[in-house]
Amino acid sequence: MKSTNKLATIIAVIAIAVSAVAFAPAQKKITVKGSDTMVILSQKWAEVFMKSHPDIVIQVTGGGSGTGISALINGGTDICNASRPMKKSEIEKLKERYNTLGVEIPCAKDGITVFLNKANSISELSIQQLSDIFSGKVTNWKQLGGKDAQIKLYGRENSSGTYVFFQEEVVKGDYAPSCQTLPGTAAVVNAVLKDVNGIGYGGAAYAEGIKICKVKKDANSPGYQANAENISKGLYPISRYLYMYTTNRPAGEIKEFIDWILTPEGQKMVTEVGYFPVR
């Protein structure tokens, strides 16, 4: 008899559990993919937002701006993170598939930072000097007033929005074949940390334990570091917006998430991570 009662109790407990699952509200999912520069920031946004919205799950992955834009075009993500504007050819593909030009949302600012090894005596470089370095026209630190040593170049892979932006705004041509491309700004920083003759570039949020090079607009201008004051005043010469893209005008939980990112609370996290707010 006791065995029968015990079995009945177990069955009742299982029935209640199954019922609870059956009537529990389904979780809504938002996928975010793209810029490696924005991964840390987007993960922070997602983590904090989900704490106050337990019915929403946000999945953040990197891969580069180009990868994220391709995923948006192919229907593989709800939100694309990009550290560069979409190209005309990418917008055309989006229009061809969805009959829309997409929606661009600036969500943060970044100063592309030039990284040097702490042992390097160089402390500032002009845009032209950076162009000469990364295009391969200047190959020895001695040519820039440093020691007699070959310059070692480290940069991002070509799917990266940072790669494209730095190429268009600074290099203004092809990168030198000797430039070693790495999957993520953290890897660039790590490479320069280990190489006394190294130089690299990437998002400001990753500039930890490294020498930050001041950048000059031209030979006759003062050099500025990528910090909040210089970027807000437009003094740092290689600053940019970081973007979120959606196929159509955001609605539902996606709109709720993006609207929250643009609030003072969401923008405060931009500063905490190491980037700069848009408002």
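Cα centroid separation, segment 144-218 to segment 69-109: 27 Å.
Residues within the reach of a label modelled at Glu168 (point 7 angstrom out along Cα to beta-carbon, backbone nitrogen below 13 Å), restricted to segment 222-257, are 240-243.
Less than 5 angstrom separates the built amide H of Gly198 from those of Asn117, Lys152, all sequence-distant by 5 or more or on a different chain.
Sorted largest first, the spans of the alpha carbon positions of segment 134-279 along the three principal axes are 58, 31, 28 Å.
For segment 65-104, calculate the relative contact order in percent as a whole number, restricting contacts to Cα pairs under 8 Å that are 6 or more residues apart. Spell out each step's value before the answer.
Values: 32 pairs, mean separation 12.7, N = 40.
Relative contact order, segment 65-104: 32 percent.
So for each of 258-264, 184-190 I average, over its residues, the number of other beta carbons within 10 Å; can you give me the resulting order with the highest mean first? Could you put the intermediate results ahead of the total?
Working: 258-264: 14.9, 184-190: 21.9.
Averaged packing, sorted descending, gives the order 184-190, 258-264.
Summing -39500 (n - 2.57) over the DSSP H runs of n ≥ 4 in the chain and dividing by its residue number, what mean residue ellipticity at 222 nm do you reach, to the nearest 500 deg cm²/dmol?
-11500 deg cm²/dmol
Per residue, the accessible area of the chain comes to 50 Å², computed with a 1.4 Å probe over protein heavy atoms only. For the chain, the antiparallel share of DSSP beta bridges with both residues in that region comes to about 55%.
If only the Cβ of Lys and Arg carry +1 and only the Cβ of Asp and Glu carry -1, the dipole of segment 77-125 around its Cα centre is close to 100 debye.
A Förster radius of 41 Å combined with the Cβ-Cβ distance from Ser178 to Lys44 puts the calculated FRET efficiency at roughly 0.70. Look at the alpha carbon pairs under 8 Å that are at least 6 residues apart: their mean separation over the length of the chain gives a relative contact order of 25 percent. The residues packed around Ile258, meaning those with a beta-carbon under 13 Å from its beta-carbon, carry a net charge of -3 if Lys and Arg are +1 and Asp and Glu are -1. Among 212-223, 66-77, sorting by the average number of other beta carbon atoms lying within 10 angstrom of each residue, highest first, gives 66-77, 212-223.
Listed by chain and number, the aspartates and glutamates whose C-alpha is less than 18 Å from the C-alpha of Lys29, apart from same-chain residues fewer than 8 away, are Glu47, Asp55, Asp78, Glu253, Glu256, Asp259. The mean sequence separation of alpha-carbon pairs under 8 Å and at least six residues apart, normalised by the residue count of segment 82-187, gives a relative contact order of 26 percent.
Judged by the mean number of other Cβ atoms found within 10 Å, the most tightly packed of the peptides 39-45, 79-85, 27-33 leads the ranking 79-85, 39-45, 27-33. Charge dipole (Cα centre; +1 on Lys/Arg Cβ, -1 on Asp/Glu Cβ; no other charges) of segment 223-279 amounts to roughly 240 debye.
For segment 191-279: lysine pairs with Cα atoms under 22 Å, gap of 8 or more or different chains, count? Spell out each step's value before the answer.
Numbers: Lys194/Lys211; Lys194/Lys214; Lys214/Lys233; Lys216/Lys233; Lys217/Lys233; Lys233/Lys268; Lys255/Lys268.
Here the count comes out as 7.
Once the Cα-Cα distance is subtracted from the 0.36 nm per residue extended length, the Asn140 to Ala228 segment shows a gain of 28.5 nm.
Count the lysine pairs in segment 39-166 whose Cα atoms sit under 14 Å apart, keeping only pairs 8 or more residues apart in sequence or on different chains. Present the calculation step by step, with values, prior to reporting the outcome.
Details: Lys87/Lys95; Lys118/Lys147; Lys137/Lys152; Lys142/Lys152.
Qualifying lysine pairs in segment 39-166: 4.
The values are calculated or read from the model by the stated rules, or taken from the named source; none is laboratory data. Note that this is a predicted model, so its numbers are computed, not measured. Glycine gets a Cβ as well: all are built from the backbone with ideal geometry, and neighbour counts include every protein chain shown. When the accessible area is computed, the model is the full protein with side chains, heavy atoms only, and any ligands, DNA or RNA have been set aside. Shrake-Rupley method; radii C 1.70, N 1.55, O 1.52, S 1.80 Å.
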